[in-house]
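For reference, the structure is listed below as structure tokens.
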Amino acid sequence: MTTTQPDVAPNGQAQSFLSRDVHHLFIDGQRFPAASGETLTTTNPSTGEVLARFAAGGPSDVDRAVLAARNAFNGPWSTWTPYERQALITRIAQVLDEKFEELIQIEAMDMGAPLTRLRNSKPALMKMLSFFASQATSISGETLMNGIPGNVTTMTLKAPVGVIGGIIPWNGPLNSQFWIIGAVLASGCTAVLKPASEASLSVLRVAEILLEAGTPAGVVNVVTGSGSSAGHALAAHPDVDRIAFTGSTDTGRRIIEASTVNIKKLQLELGGKSADIICADADLDKAVPGATMGVFANSGQICFAGTRVLVQRPIVEEFTKRLLQFMDTLRVGNSLDDNATMGPVISKNQLDSVLSYIDIGRNEGAELLRGGQRLGGDFENGYFMQPSVFGGVTNEMRIAREEIFGPVLSIMPFDDVDEAIAIANDSEYGLGGAVWSENLSTALRVVHGVHTGTMWVNCYGYIDPLVGFSGTKLSGYGSKGTAAHMDNYLYTKSVYLQL
Ligand code: NAP
Ligand code: MG
């Protein structure tokens, strides 16, 4: 690992957005302070400085936003044809394309991902918008046979459910909000979004851009504020039809409880502790960078990070040597520095929590092979952590069982593939996972054997909306991508038509 520049300034457009005194709520196409008048601050994790102040929305603000979303759902938006909604999504993609540099500067400063990573995420965003544009004109029911006497025609119709509550995490809101916005626009629903307090700004800026691109006022509203106040109010709101949530399993449980008020259907993408299985016959030229970046990308703050790196015993030494060499190419630095490939973690709390797992791992008997410290010197005010590796980890250790959500990789030796599958499955979670092997039968045995929502073979982390990804066990339910994604925003109406 090397470090790059400690301090860099944002571009003019991002600066003009960031220089607002307070970032207000965005309801019915207009900006409003929170009813309470209260505000919260968000920090730039590269510098530890306050970046911006935003409205601390609460239950009455959520009421107001839900009313706006309900009125928009029942208003002229309900008469838009699929072609018109498709054209809107295409227009939004064009405007986002033009404003992408401004957006990634805001995102980099708010949540710490390096510009290099964010720039590389543009094709994924554009692909997502193309996918949802195509979904707008692909919603279909079925005509069905029936056993009813007489001339009765039967069919199913799909209809938009209404108001979606979207609760968004901090680890990549610029892109991840479009899993919700895209489906809302494609289906004809409306939304109230509650971004994470640590990274709300790109969601607020995108809401303005959606309006500029022609989205009717009230179709997408944003209420910032704390999870326990604004987030809870949204999950518990009787006039919100569904919740799309990405975040921790604990918060997912709270949302399930709150949603019982009107039996909301939920789309929940939760935590993970994914196993990345490196077989002795793997091509290490690919497996080493793949498995390393499967953990350290986004400073380890990715739900499907392959943090349990299971390595077949004969190659543990070679793999470890190459992994540590590859880590020398990581460049940790300020998120606005074009040379940085790894930024800080999101907050002081997160940094302390990740550092506490370094102590936990050591006390459990794992061997710290690299890293384990906060960066000092020019970086001491930011929340930077050395990318860290533990060797000799066993699956009983807390560092192998609990989601750390930081740049910490555990190497766990195994003897045969059955043992690797058993270790992979000995987890409460089931989100991602991978196998690296030059033998297709071995790879497929692992693919079939591991209980997880997504498996990669000889690669890590590809997500394509046409293919989708989802979780099982404590990682949640409700797919992202494919037509199954759209089903979360639609309900099915059975029609019996007697002629
Ligand atoms: P989090 O604490 O669960 O927060 C996620 C969102 O929920 C934030 O907007 C938060 O608001 C809100 N929230 C908190 N308490 C709430 C409540 N009682 N009711 C309603 N909303 C509430 O998760 P995080 O720390 O931001 O994100 C990290 C976690 O998300 C990790 O566990 C990670 O694995 C998971 N994640 C999963 C995926 C996936 O696709 N499976 C993707 C990314 C992240 P505040 O910010 O205001 O607290
Ligand atoms: Mg921030």
ask   = Between residues in segment 430-445 that are touching a residue at least 40 places away in the same chain (Cβ under 8 Å) and surrounded by fewer than 17 Cβ atoms within 10 Å (Cβ to Cβ) and residues that are charged (D, E, K, R) and outside any helix (DSSP H, G or I), which pairs lie under 8 Å by C-beta distance while being six or more apart or on different chains?
value = GLU438/ASP281; GLU438/ASP283; ASN439/ASP281
Single residue of segment 214-246 satisfying the filter (buried (at least 20 other Cβ atoms within 10 Å of the Cβ) and within 16 Å of ligand 2 (Cβ to nearest atom)) that is farthest from ALA35 (Cα to Cα) = VAL222
ask   = Which one of these does LEU324 not meet: (1) closer than 26 Å to VAL435 by Cβ; (2) assigned to a loop (DSSP other than H, G, I, E, B); (3) in contact (Cβ under 8 Å) with a residue 24 or more places away in the chain; (4) open to solvent by 10 Å² or more (accessible area, probe 1.4 Å)?
value = (2)
ask   = Is segment 62-72 home to any residue that is away from ligand 1 (no atom under 15 Å from the Cβ) and more than 18 Å from ASN221 (Cβ to Cβ)?
value = no
Given (1) open to solvent by 10 Å² or more (accessible area, probe 1.4 Å); (2) in the same structural domain as TYR429 (by TED's automatic domain parsing), number of the condition ALA287 does not satisfy = (1)
request  = May I ask you to list pairs of residues, at least six apart or on different chains, whose Cβ atoms are under 6 Å apart, with the first in segment 242-264 being assigned by TED's automatic domain parsing to the domain that holds GLY166 and modelled with pLDDT of 95 or more and the second being within 16 Å of ligand 2 (Cβ to nearest atom) and not in a strand (DSSP E or B)?
outcome  = THR246/PRO169; GLY247/PRO169
query = What are the residues in segment 327-336 that are of a type in the set (Val, Ile, Thr) and in contact (Cβ under 8 Å) with a residue 40 or more places away in the chain, if any?
reply = VAL332
key: Scan of segment 152-195 for residues that are within 16 Å of ligand 2 (Cβ to nearest atom) and of a type in the set (A, V, I, L, M), ordered by number   = ILE168, LEU174
request  = Residue by residue through segment 335-354, note down the ones that are within 15 Å of ligand 1 (Cβ to nearest atom) and not in a loop (DSSP other than H, G, I, E, B).
outcome  = LYS348, ASN349, GLN350, LEU351, ASP352, SER353, VAL354
inquiry  = Between a residue in segment 125-145 that is free of Cβ contacts under 8 Å to residues at least 60 places away in the same chain and any residue that is of a type in the set (D, E, K, R), which pairs come within a Cβ distance under 6 Å, given they are 6 or more apart or on different chains?
reply    = ALA136/ARG85
note = Within segment 183-208, the residues that are among the basic types (Lys, Arg) and within 15 Å of ligand 1 (Cβ to nearest atom) are LYS194
inquiry  = With the condition being of a type in the set (Asp, Glu), I'd like the helices (runs of 4 or more DSSP H) fully within segment 388-499 carrying at least 1 qualifying residues.
reply    = 417-425, 482-487
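The values are calculated or read from the model by the stated rules, or taken from the named source; none is laboratory data. Only a predicted model underlies this, so the values are computations on that prediction, with no experimental measurement involved. Cβ: placed from backbone, ideal geometry, glycine included. Neighbour counts: every protein chain shown. Just so you know, the surface numbers come from the protein's heavy atoms only, side chains and all, with ligands and any DNA or RNA stripped out. Shrake-Rupley method; radii C 1.70, N 1.55, O 1.52, S 1.80 Å.
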